[in-house]
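The block underneath contains the structure these notes are about, expressed in structure tokens.
The values are calculated or read from the model by the stated rules, or taken from the named source; none is laboratory data. This structure is a prediction, so every number in the text was calculated from the model and none was measured. Note: ideal-geometry Cβ built from the backbone for every residue, glycine included; neighbour counts use all protein chains shown. Heavy atoms of the whole protein, side chains included, go into the accessibility calculation; ligands, DNA and RNA do not. Shrake-Rupley method; radii C 1.70, N 1.55, O 1.52, S 1.80 Å.
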Amino acid sequence: MLVNGKWSADWQPVQKADDQGQFIRQISGFRNWITADGSPGPTGEGGFKAEAGRYRLYVALICPWASRTLMARKLKNLADLIPVTVVNPTLGDQGWSFGGYPGADDDPLFGYSHIHQLYTRADADHTGRATVPVLWDEHQNVLVNNESADIVRMFDTAFESLASSSVRLYPREFADEIDALNTRIYEKLNNGVYRAGFAGSQGAHDQAVQDVFEMLDELEDRLTRDYLFGSRITESDIRLFVTLIRFDAAYHGLFKTNRKRIADYPRLSAYLQKILELPNIRATVNMDHITRGYYSIKTLNPSGIRPGLPDHIAKLLAFND
């Protein structure tokens, strides 16, 4: 991680834990918003007006949080307005790096070798982890936002005058319900799998696994219609999808959340296929990057040996090519 703008040699991919061994995720530090007229958003400062070609999205295809933003970008028809740069799927001694792997890009703006250099360009004294996604303003050369939840919401509304879309990811009539469900999905499932995989004690792991499968069981019962809120996709579906698509290939084995597979849930499996069949969503999923990235985490998999892709996942993705 960065400490006062300098990369620490003691950086570890596994983040903090409390005194009970519970995994603690870092809070994102850059929280400006792009808005239609450049006025301030819910957090941060103003001055970030929605404009074509002004902003760039940096992502890792392994990362579920970054993949949320890729899905929103596709669903809201923003691909022509906001270019994407993909980092290497493996976390090295200096965190996320550019290039050096099929499907990974070189940094097109500054020729940097690592994401953390963007952070210190934005803040020379930055302290914290250099995470993805990163939303960068190419006109001002500043880091706008590194919180995926914010980026999804600004993509939903900020660029409407520049790109038409029939999708509303955060419909006003469901806002309170979406917020409540998002919180529960995050705590018990999205972050629950990480709490299980990075637990520092047996008790912390067992509780996290219990939370994961309680949430999966609840969602299986809920999905009697196409999506979590009926016939139209919302940001809650994006949050759920990015964890489900990684579950059987990575979390089930590497994170030891192995009571069941998603393949053992009929409704969740059908739901995965339905979302993959939406236009351009399949392109946001790269299972080579996902499995390469997760199984390269040395603290969890010292040998670096990567298992093959489960047959049912390979067939699901091949069906949608």
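Tabulated results
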| item | result |
| --- | --- |
| Proportion of all alpha-carbon pairs of segment 243-308 beyond 20 Å (%) | 34 |
| Highest-fluctuation residue, Leu276, Leu223, Leu61 considered, GNM on the chain with Cα pairs under 10 Å | Leu223 |
| Protection proxy ranking, peptides 236-244, 68-76, average beta carbon neighbours within 10 Å, highest first | 68-76, 236-244 |
| Cut-off under 5 Å, modelled amide H: who pairs with Phe48 long-range | Thr35 |
| Average silhouette area of the chain, convex hull of alpha-carbon atoms, in square nanometres | 15.9 |
| Burial order of peptide ranges 36-43, 113-120 (average beta-carbon count within 10 Å, highest first) | 113-120, 36-43 |
| Nonlocal amide H pairs with Gly92, under 5 Å, H built at 1.01 Å | Ser97 |
| Among Asp105, Asp156, Asp217: highest mean-square fluctuation, GNM of the chain, C-alpha pairs under 10 Å | Asp217 |
| Accessible area of segment 88-184 belonging to carbon and sulfur atoms, whole % at 1.4 Å probe | 43 |
| Accessible area (Å², per residue) of the chain, counting only protein heavy atoms and a probe of 1.4 Å | 43 |
| ³J(HN,Hα), Karplus 6.51/-1.76/1.60, whole Hz, each residue of segment 264-278, x for Gly, Pro | 7, 10, x, 6, 5, 5, 5, 5, 4, 5, 4, 5, 5, 7, 5 |
| Pair-distance profile P(r), taking every C-alpha pair of segment 138-275, with 10 angstrom steps and integer % | 11, 37, 31, 16, 4, 0 |
| Straight-distance crosslink candidates among lysines, where the alpha carbon sits under 23 Å from Lys256 and sequence neighbours closer than 8 are dropped | Lys16, Lys188, Lys298 |
